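The values are calculated or read from the model by the stated rules, or taken from the named source; none is laboratory data. These numbers were taken from a predicted model, which means no experiment stands behind them. For neighbour counting, all protein chains shown are included, and Cβ atoms are generated from backbone atoms with ideal geometry for every residue, glycine included.
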Amino acid sequence: MTDQPRKPAHSEASLFSLGWQNSHVQARPFLLFCIVQYLLMTVNPTSTWWARLSELLSSFPDLREAGLNLKGMGIIEGWEQWEWEARQ
């Protein structure tokens with residue numbers, strides 16, 4: 001990512017607190033996926049996009065021998081259990 005986004009206050013985005021402390025996560029696409037989901041919960045709270053993305057990421061093949069894994073995308077540990085709430 002060329003431009004790093006401004007970090008919101010912890011109270012605005014507590015879900016991302018682990019990501020904001022890690023420069024590797026900040027420069028990888030997973031954080032952008034999270035931002036997209038955050039915005040989607042504002043404009044379309046019934047969207048199933050996160051569930052579909054989660055399914056896609058969960059089906060990622062085991063390519064560790066080639067040096068490819070989800071950590072390279074900036075995955076934040078425990079992301080599967082995140083609860084997204086509609087934004088007002």
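What are the pairs, 6+ residues apart or on separate chains, where a residue within the range 61-88 that is over 24 Å from Asn44 (Cα atoms) has its Cβ under 7 Å from a residue that is among the charged types (D, E, K, R) and assigned to a loop (DSSP other than H, G, I, E, B)?
Taking only residues 6 or more apart or on different chains, the pairs are Met73/Arg28; Gly74/Arg28.
Being part of a helix (DSSP H, G or I) and loosely packed, with under 10 Cβ neighbours inside 10 Å is the filter; apply it to the range 49-60 and report the residue that is modelled with the lowest pLDDT.
Only one residue fits best here, namely Ser58.
Does Leu63 satisfy the criteria of being more than 21 Å from Asn22 (Cβ to Cβ) and surrounded by 10 or more Cβ atoms within 10 Å (Cβ to Cβ)?
When the stated conditions are applied, Leu63 passes them.
Which of the residues that make up the range 66-88 are surrounded by 11 or more Cβ atoms within 10 Å (Cβ to Cβ) and hydrophobic (A, V, I, L, M, F, W, C)?
Those that are surrounded by 11 or more Cβ atoms within 10 Å (Cβ to Cβ) and hydrophobic (A, V, I, L, M, F, W, C): Leu68, Leu70, Met73, Ile75, Ile76, Trp79, Trp82, Trp84, Ala86.
For the structure I just gave you, tell me whether Ala27 is of a type in the set (A, V, I, L, M) and surrounded by fewer than 11 Cβ atoms within 10 Å (Cβ to Cβ).
No; evaluated as a whole, the condition is false for this residue.
Among the listed residues Gly72, Gly19, which satisfies the condition of being under 13 Å from the mean Cα position of the chain (by Cα), at pLDDT below 70 and assigned to a helix (DSSP H, G or I)?
Gly19
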